[in-house]
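The values are calculated or read from the model by the stated rules, or taken from the named source; none is laboratory data. Quick caveat: nothing in here was measured; it's all calculated off a predicted structure. With ideal geometry, Cβ positions are generated from the backbone for all residues, glycine too; neighbour counts draw on all protein chains shown.
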């Protein structure tokens, strides 16, 4: 039975764009939904989280619109360090490992 990691079916082909989108979804859930964001503020929260992911690509010299396995790994490291300022390190590690499962499926 297929499982989904941040809306990505890990039984199907996984692309760098799908992994990038999964990172954004993960970040949104961890930093906005889990912190009790109000329904009216969800779009603002999603935009905020997407901008942080874009900044991660920029800071690590990656291309947000054309990510590679290598650039995704750099962004994961960047976002993990960023997240440790706000979240329990064990939670950060859990999310990192979930995304890593998808990264490991990339060619």
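Given the criteria at pLDDT below 90, under 15 Å from the mean Cα position of the chain (by Cα) and surrounded by 19 or more Cβ atoms within 10 Å (Cβ to Cβ), does residue 28 qualify? The answer is yes for residue 28.
So, residue 80, is that one in contact with a helix residue (DSSP H, G or I) (Cβ under 8 Å, 6 or more places away or on another chain), outside any loop (DSSP other than H, G, I, E, B) and under 15 Å from residue 20 (Cβ atoms) or not?
For residue 80, the condition - in contact with a helix residue (DSSP H, G or I) (Cβ under 8 Å, 6 or more places away or on another chain), outside any loop (DSSP other than H, G, I, E, B) and under 15 Å from residue 20 (Cβ atoms) - is not met.
Of note, residue 44 satisfies the criterion of being within 14 Å of residue 28 (Cα to Cα) and either outside any helix (DSSP H, G or I) or without any contact (Cβ under 8 Å) to a residue 24 or more places away in the chain (or both).
What residue, of 74, 105, 84, is modelled with pLDDT of 95 or more, surrounded by 13 or more Cβ atoms within 10 Å (Cβ to Cβ) and over 11 Å from the mean Cα position of the chain (by Cα)?
74 is the lone residue from the list that is modelled with pLDDT of 95 or more, surrounded by 13 or more Cβ atoms within 10 Å (Cβ to Cβ) and over 11 Å from the mean Cα position of the chain (by Cα).
What do you reckon, is residue 11 assigned to a loop (DSSP other than H, G, I, E, B) and either farther than 17 Å from residue 69 by Cα or at pLDDT below 75 (or both)? For residue 11, the condition - assigned to a loop (DSSP other than H, G, I, E, B) and either farther than 17 Å from residue 69 by Cα or at pLDDT below 75 (or both) - is met. Of the residues making up segment 54-67, those that are touching a helix residue (DSSP H, G or I) at 6+ places or on another chain (Cβ under 6 Å) and either assigned to a loop (DSSP other than H, G, I, E, B) or modelled with pLDDT under 95 (or both) are 60, 62, 64, 67.
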